[in-house]
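First the structure, in the form of structure tokens, and then the observations on it.
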Amino acid sequence: MRPSIQLKKPYGKGVFSRVRHARYLGWEDAFDVEFEDGLCFLEPHATIRKANRISAKAVPVSVETDEELGSHFKVTYDTGEVAEVSWSFIRELPPQGERT
């Protein structure tokens, strides 16, 4: 069942809101991201891993939000790899590919 309200906005149309906190939920294999305006999103780990080209065997060690700007959060993995995830990656829909 699809929700009647589309929370994510088309790419480039989202309104900035600071990331309040982000955490990794191991049992969901997803990141719970909360914004200052109260919106929360559960973003699958596979999506973040694919976007940042993180190896499949990497396990998240720490998740840190940017306290100064609140514009992104950073995930550090046990392999030394780092993924930086911006607020727009979570709140906006990805752009549609060109159809030729």
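Overview of results
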quantity: Kirkwood-Stokes translational diffusion coefficient of the range 19-91, alpha-carbon pairs, 37 °C, 0.692 mPa s, µm²/s; calculated: 269
quantity: Stretchable slack from LYS74 to TRP27, in nm (0.36 nm times residue separation minus alpha-carbon distance); calculated: 14.9 nm
quantity: Fewest-first ranking of TRP27, TRP87, using other Cβ atoms within 10 Å as the exposure measure; calculated: TRP27, TRP87
quantity: In the range 35-100, trypsin sites (Lys or Arg not before Pro) in a DSSP loop with at most 11 other beta-carbon atoms within 10 Å; calculated: ARG53, LYS57, ARG99
quantity: Lysines with Cα under 22 Å of LYS74, excluding same-chain neighbours fewer than 8 positions away; calculated: LYS8, LYS50, LYS57
quantity: J(HN,Hα) series, the range 19-29, from Karplus relation 6.51 cos²θ - 1.76 cosθ + 1.60, nearest Hz, glycine and proline x; calculated: 6, 7, 7, 9, 8, 8, 9, x, 6, 9, 6
quantity: Value of [θ]222 nm, deg cm²/dmol, for the chain, DSSP H segments ≥ 4, -39500 (n - 2.57) each, nearest 500; calculated: -2500 deg cm²/dmol
quantity: Relative contact order (%) - the chain, alpha-carbon pairs under 8 angstrom, separation at least six; calculated: 29
quantity: The range 1-76: GluC sites (Glu not before Pro) in DSSP coil with no more than 14 other Cβ atoms inside 10 Å; calculated: GLU28, GLU36, GLU67, GLU68
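Only the coordinates and a few stated rules stand behind these numbers; no lab work does. Fair warning: this is a prediction, and the values are worked out from it, not measured in the lab. Cβ atoms come from the backbone with ideal geometry, glycine included; neighbour counts cover every protein chain shown.
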